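Reading through the C-alpha cells given below for one structure.
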Amino acid sequence: MALYLLYETSSGYSLFQASGIDEIGQNTEAVRNSVSDLNRFGKVVQLTAFHPFDSALDALNQINSVSEGIMTDELRNFLELNLPKVKEGKKAKFSLGVAEPKIGSHIFEVTKIPCQSNDFVHELLRGVRLHFERFIKDLKPGDLEKAQLGLGHSYSRAKVKFNVNRVDNMVIQAIFLLDTLDKDVNSFAMRVREWYSWHFPELAKIVNDNYLYAKLAKFIDDKSKLSEDKLPELTDLLGDEDKAKEVVEAAKASMGQDLSPIDLINVQQFAQRVMDLSEYRKKLHEYLITKMNDIAPNLASLIGEMVGARLISHAGSLTNLAKCPSSTLQILGAEKALFRALKTRGNTPKYGLIFHSSFIGRASARNKGRMARYLANKCSIASRIDCFSENGTTVFGEKLREQVEERLDFYDKGVAPRKNIDVMKAAIESTENKDTDMETEEATTVPSAKKSKKKKSKSDAAENSELMAEDKPTVNGGASEDAKSEKKKKKEKRKLEQEQAVENSNGTNGVEAEEDGISTKKKKKKSKDQDGEDLQDASDMKKKRKKKSKGEE
C-alpha cells in the first residue's frame, strides 16, 4: 500500500510519497536513524505536489483551519487533484499520513481518503521538515524562516486577539488588588489607632470607623489645641453634633501623653496615607463594578459583582468558568474541604465562594444545600451566556434572579415556581423586542432627517418664489390672478355637476325603491283578502251543515 504524506508549511501545502518502505521495518531504529541522512531519506520520500499560499492572510486562514481540524476547500482540491482517485465501492490502495488525527478524521469523512497518524508518520514528517528546503528548488535560503516568523507572529496575534471591553484579566487583577487593599487598609488603620491612642486614647472608643478615625487624627493633631471654636468643623466631619461635643470634652480631660511636633507630623502623614488608600479602594470598587457589567452583565446581575468577580478569578477566566459544570461551580473555593472530606470519608462541602451570595444567607439551614445547588446551576447558565453571546444584556441575569427568588419562596411558602423554558422564552422575547425597538428608532431617525431637509428645501423654494413675485411687475401679477379666478370657477362648476349627478342617481333609486315598496304592500293586502275570503267560505259551509242537521231532526 502506497503512503502519501501531507505537510503544512508557512508557504503552502506539500504532498510527499513514501515508497520502498515495508510494513515490517516501519518501527525499527534503522528507519528513524535514516531520517537525518538526506541521501537515504531522499530515496524513500519524494515530493509529488506543492501548492503555495496566495498571501499572508490566506496562509493565516489555512493554518487556523488546520489547527482546528477543519479541511478547507483549497486543501480538498489539492488532495483530490494530486492523490489517485478511488473508485466507488472499492477500497483505496493508498493512505495519507497526517500530523494531526483531527484533520485526518475530517478528511476521511468528506473525501473518504484513508488517513493515518502514528509514530512512523511523525518520524517521516520530521525528516520532511528537516530537509524541506532541499525538496523545493525555487526557495531561497532565508525565505522559509521569514515566512515561518511572519506566520507565527500573525497566528499568535490572532489567537490572543480579543475585545478590549471584555478583558476578564482586568477583573481578576482588580479583585486581587481589592482583597490586598482591604487587608492593608485594615492593618494600617489599626496602626494609626494604636499610634494616636498614646496621645488621645479616648477617641478610639468614641469613633469606630477607621477612615473617620484617620480623618479626625489628621484634623485634631494636638489635643491640647482642640477647643469649642472647632466644633462646626468637627460636626462636618462626624456628621453628629453630640459626638463632636463628646470629642471636645474628652480632649480636655484626656489621660494620653503629649507627643513632640515631629511625632505628630508623622502620625498626620500616616493618617493621610490611610485616607488616600481607602479612597483609592472606593474608586477601584467602582471600576470593578463597571468592568463586571461590561464583561459578565448577567452573572453580575444574578449574584452580584463581587462574588461574580471572585468566581471568575478563581476559575482563571470567564471561559474557564463557563466550561465548569454547575457541580464544580458550587464548591469552587472549597477545594481543601472537599479533598479533606474525600480523604477522611466525611461529608463533602455544599458551597464555596457562592456562599457569600445573599440568597444562601436568606435560606433556612435545612435548605442551604439545595439553594446552593440551584444557584450554582443558574450561575453556570449566566456565565455561558456572558461568555458566548455577542450582545451584552442583563435580561437573562434578571430573569434568572427572579427564578432564584421564586425558588426561595417555594422553599419557605410552597409557592410553585415557573418552569425554566417559560422564563427563557420570555427573556428571549424581551431581547428581541429590545433589538426591534433599537432598529425602529434608527429607522425613524433617518427619515426625520430627510423630512427636515425636505422642509428646508420647501421653505427655501417658497422664499425664492416670494422674492421672485416681489421682483415681477404688477401687470403680470394681475393677469396671473385673473387666470387663477377662471380656473377656480371651472372647478366649482365641475363640483356642482358631480353633486347633481349623484342626487339624480339617488332620486331614481329612491323612486324605484318606493315602487317596490308599494307593490309589496299590495301583494300583502291581496294575500290578506284571499285569506279572509277563505275563512268566510269555511264558516258559511259550517252554518249550512248545522241547518241541514236541525231540519232532519
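The values are calculated or read from the model by the stated rules, or taken from the named source; none is laboratory data. Note that the structure is a prediction, hence the values are computed from the model and not measured. A quick note on method: Cβ atoms are made from the backbone with ideal geometry, for glycine too, and the neighbour counts reach across all protein chains shown. Ligands, DNA and RNA are excluded from the accessible area calculation, which covers all protein heavy atoms including side chains. Shrake-Rupley method; radii C 1.70, N 1.55, O 1.52, S 1.80 Å.
Please give me the summed charge of the neighbours of Ser254: other residues whose Cβ is under 13 Å from its Cβ, Lys and Arg +1, Asp and Glu -1.
-1
On the accessible surface of region 2-160, probed at 1.4 Å, how many percent belong to carbon and sulfur atoms?
51
Round to the nearest 0.05 the FRET efficiency obtained for Thr440 and Glu405 when R0 = 35 Å and r is the Cβ-Cβ distance.
The calculated FRET efficiency here is 0.60.
How big is the dipole moment of region 2-160 about its Cα centre under a simple scheme where the beta carbon of each Lys and Arg is +1, that of each Asp and Glu is -1, and everything else is neutral? Debye, nearest 20, please.
In total the dipole reaches around 260 debye.
Just to confirm, what accessible area per residue do you get for region 356-416 at 1.4 Å probe, in whole Å²?
Here the per-residue accessible area is 51 Å².
Scan around Thr48 for amide H atoms under 5 Å from its own, H built in the peptide plane at 1.01 Å from N, and keep only partners 5 or more places away or cross-chain.
So Thr48 has HN proximity to Leu15, Phe16, Gln17.
So what's the gap between the Cα centers of region 244-258 and region 189-232, to the nearest angstrom?
Measuring centre to centre over Cα atoms gives 9 Å.
Report the local net charge at Asn298: Lys and Arg +1, Asp and Glu -1, summed over other residues whose C-beta lies under 10 Å from its C-beta.
With Lys, Arg at +1 and Asp, Glu at -1, the neighbours total +2.
For the modelled label position 7 Å from the Cα of Ser227 along Cα-to-Cβ, which residues of region 246-273 have backbone nitrogen atoms closer than 18 Å?
246-254
If you stretched the chain out fully between Lys323 and Thr48, how much longer would it get, using 0.36 nm times the residue separation minus the C-alpha to C-alpha distance?
94.6 nm
Defining a contact as two alpha carbons under 8 Å apart and six or more residues distant in sequence, what relative contact order in percent does region 170-284 show?
It rounds to 39 percent for region 170-284.
Calculate the translational D of region 170-284 in whole µm² s⁻¹ from Stokes-Einstein, where the hydrodynamic radius comes from the Kirkwood formula applied to all Cα pairs, the temperature is 10 °C and the viscosity 1.306 mPa s.
In µm²/s, the coefficient is 107.
Per residue, how many Å² of accessible area does region 99-169 show with a 1.4 Å probe?
Solvent-accessible surface per residue comes out at 68 Å².
Taking 1 over the mean of 1/r across every pair of different Cα atoms in region 296-436, what Kirkwood radius in Å do you get?
Hydrodynamic radius (Kirkwood, Cα only) of region 296-436 equals 15.7 Å.
What's the carbon and sulfur percent of region 304-370's accessible surface, probe 1.4 angstrom, rounded to a whole number?
53
Under a point spin-label approximation (7 Å from Cα along Cα-to-Cβ), what is the Asn266-Glu492 distance to one decimal in nm?
10.8
Dividing the convex hull volume of the alpha carbon atoms of region 2-160 by its residue count, what do you get in Å³ per residue?
Convex hull volume per residue, Cα atoms: 120 Å³.
Mind giving me the nanometre distance, one decimal, between the label points for Tyr287 and Ala426, set 7 Å out from Cα along Cα→Cβ?
3.9
Compute the signed sum of charges (Lys and Arg +1, Asp and Glu -1) over the other residues within less than 11 Å, Cβ to Cβ, of Ile220.
Net charge in that neighbourhood comes out at +2.
Normalising by the residue count of region 13-153, find the relative contact order in percent from Cα pairs under 8 Å and 6+ residues apart.
Relative contact order here is 24 percent.
Using a 1.4 Å probe and ignoring any ligands, DNA or RNA, find the accessible area of Phe270 and quote it in Å² to the nearest 10.
Ignoring ligands and nucleic acids, Phe270 comes out at about 50 Å².
Report the relative contact order of region 296-436, percent, no decimals, based on alpha-carbon pairs under 8 angstrom and at least 6 residues apart.
Relative contact order for region 296-436 comes out at 30 percent.
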